[in-house]
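This report concerns only the one structure given below.
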């Protein structure tokens with residue numbers, strides 16, 4: 001973690017320096033700046049990867065909860081139908097017997 005903090009501090013110090021423009025009018029950076037840019041890119045990639053993983057986990061949890069709710073509702077509906085059918089059969093049996 002301290003290495004990342006040092007890297008970020010280094011990047012901020014580099015941000016205040018002016019860029020040198022080469023003869024072909026493209027930006028050129030010192031080797032230390034290039035290393036800092038790469039390190040920052042790595043830190044940023046890890047950050048985005050963690051966020052993506054967290055979003056995927058949240059999505060999985062939500063889909064699992066939705067499936068559980070759907071299955072629970074189906075089971076309760078089936079149990080209500082079974083009770084109604086059983087009750088109707090018992091009432092019909094009593095009326096025939098009585």
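Coordinate-derived values only; no laboratory data. For clarity, every value in this text was computed on a predicted model and none was experimentally measured. Don't worry about glycine lacking a Cβ; one is built from the backbone with ideal geometry, like all the others, and counts go over all protein chains shown.
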Which length gain, in nm to one decimal place, applies between residue 37 and residue 51 when the Cα-Cα distance is subtracted from 0.36 nm times their residue separation? 3.0 nm
So, R0 is 25 Å and r is the distance between the beta-carbons of residue 44 and residue 67; what FRET efficiency does that work out to, to 0.05? 0.10
